[in-house]
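The values are calculated or read from the model by the stated rules, or taken from the named source; none is laboratory data. It should be emphasised that the depicted structure is a prediction, and the values quoted were computed from it without experimental measurement. Don't worry about glycine lacking a Cβ; one is built from the backbone with ideal geometry, like all the others, and counts go over all protein chains shown. What goes into the accessible areas is simple: the full protein's heavy atoms, side chains included, and nothing from ligands, DNA or RNA. Shrake-Rupley method; radii C 1.70, N 1.55, O 1.52, S 1.80 Å.
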Amino acid sequence: MTNQVRRTLLRAAAAAPMAGAFGFPAIVRAASAPEFVFKYGNNLPLTHPLNIRAQEAANQVKDASKGRMEIRIFPNNQLGGDTDMLAQVRSGGIEMFTPSSLVVSTLAPAVAINAVGFAFSDYDQVWKAMDGSLGTFARDAMRKAGLESFEKMWDNGFRQTTTSSGPIANAQSMKGLKIRVPVSPLSIDMFKGLGAAPTSLQFSEVYSSLQTHIVDAQENPLPIVQVAKLYEVQKYCSLTNHIWDGYWFVLNPRAWQRLPKDLQGIASDAFNQAAVKQREDVAKLNGAAVADLKSKGLAINQPAPDTFRTALRQAGFYAQWKGRFGNQAWDLLEQTVGKLA
Ligand code: X2X
């Protein structure tokens, strides 16, 4: 029994001196049960800033709502992989989920617009776009596909390439590389455009598929290479910076609409504030990650970005995806990053 439960029981006992051993649990439940319980699933280990800040936000919601609302976190693919959680949050099996926009794009293709290869050059550009009209555009597209979302996006990071086979020095080194990418048509297409042999797998499969050499490479931001311990099953890390990726905090729309306005306000304030702090955490981790991963045995190199962009242009990648995303999304992206195609 936790201290909290013990105290609650004692308080209930004091308030109901006549209750027998049997009536007692019912009184406890009535006194302490939250009116709204939201289950929140994600794909990352508890040590990632996404989980640390989400837990803080959940605590804040519990306090500010005086216990009326509780958010229970299920980290690390406990409820299934991304594809499963995306289905659950749409059906209402869970109320909250943080998919990468790459993953949302299987449902609402235009939402992956932030992940166009080599579009963003730095975080100033990223947050200007995602806190501005590109973010609004993506949230509208998700709403049309049956998902509410909080306003602030959470950071995953600039994606880097790790391999067990050799460093990526330029676009040539991608030739034939067996690389795992998320379940995302954009990622598959981009790596095909670079001449690699990409395979889509959910994140829950990544460590084991690298370990058993089903694939030789994967690509993720450095904090994920750290917290998921991918350095144990990879030798090289090339700072390709090919995609900027972030997490949308999505909600089941019916569960969201059932929440009274005051609780909606408490929850969105808590999670939007937590998102901003989480972005700072990831920035700090990025600053220290190269040294840390070197000390864990990864050989790190910095390829020049130009050969990649050129290879993608020649493969027709930008022209094709401009068509697939549509002019509105593409123009909004180019407003921040400049001409791509
Ligand atoms: O699956 C991945 O690689 C991850 C963890 O970055 C995403 O959620 C897209």
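Just add up the charged neighbours of residue 195: K/R +1, D/E -1, any other residue whose Cβ is under 13 Å from the Cβ of residue 195.
Result for the local shell: +2.
Roughly what angle does helix 82-91 make with the longest principal axis of the chain, taking Cα atoms, 0 to 90 degrees, to the nearest 10?
That helix lies at roughly 50 degrees to the long axis.
What does the helix-only formula give at 222 nm for the chain: each DSSP H stretch with n ≥ 4 adding -39500 (n - 2.57), the total divided by the residues, and the result rounded to the nearest 500 deg cm²/dmol?
Taking each H run of at least 4 residues, the total per residue is -14500 deg cm²/dmol.
Under a crude label model (7 Å from the Cα following the beta-carbon direction), how far is residue 172 from residue 188 in nanometres?
Those two pseudo-labels are separated by 3.0 nm.
Ordered by packing density, taken as the mean number of other Cβ atoms within 10 Å over each peptide's residues, highest first, how do 132-138, 49-55 rank?
Put in order of decreasing packing, that is 49-55, 132-138.
If you take every DSSP beta bridge whose two residues both sit in the chain, what share of them, in percent to the nearest 5, is antiparallel?
Roughly 50 percent of the DSSP beta bridges within the chain come out antiparallel.
If you line up the long axis of helix 133-144 against the longest principal axis of the chain, both from Cα atoms, how many degrees apart are they, to the nearest 10?
Helix 133-144 sits roughly 60 degrees off the main axis of the chain.
Could you state the number of Å between the C-alpha centres of region 92-120 and region 269-326?
15 Å
Could you state the accessible area per residue of the chain in Å², with a 1.4 Å probe and every protein chain left in place?
43 Å²
Just add up the charged neighbours of residue 231: K/R +1, D/E -1, any other residue whose Cβ is under 10 Å from the Cβ of residue 231.
+2
Around residue 95, with a cut-off of 12 angstrom between Cβ atoms, what is the net charge of the other residues, counting Lys and Arg +1 and Asp and Glu -1?
Computed value for this residue: +3.
Between helix 3-15 and the chain, what is the angle of the helix's C-alpha long axis to the longest principal axis, kept within 0 to 90° and rounded to the nearest 10?
With rounding to tens, the tilt is 30 degrees.
Quote the accessible area belonging to residue 127 in square angstrom, nearest 10, computed with a 1.4 Å probe and with ligands, DNA and RNA left uncounted.
50 Å²
So how far, in whole Å, is the C-alpha centre of region 53-90 from the one of region 170-232?
28 Å
Using mean Cβ contacts within 10 Å as the protection proxy, how do 115-123, 288-296, 245-253 order, highest first?
In descending order of packing, they fall as 245-253, 115-123, 288-296.
Quick check: residue separation of residue 296 and residue 214 times 0.36 nm, minus the Cα distance between them. What number comes out in nm?
Stretched out fully, the residue 296 to residue 214 stretch lengthens by 27.2 nm.
Can you order the peptides 186-193, 198-205 by their average number of other Cβ atoms within 10 Å per residue, highest first?
With the highest mean Cβ count within 10 Å placed first, the list reads 186-193, 198-205.
How much of the accessible area of the chain, probe 1.4 Å, is carbon plus sulfur, in whole percent?
Looking at the chain in its full context, I get 54 percent from C and S.
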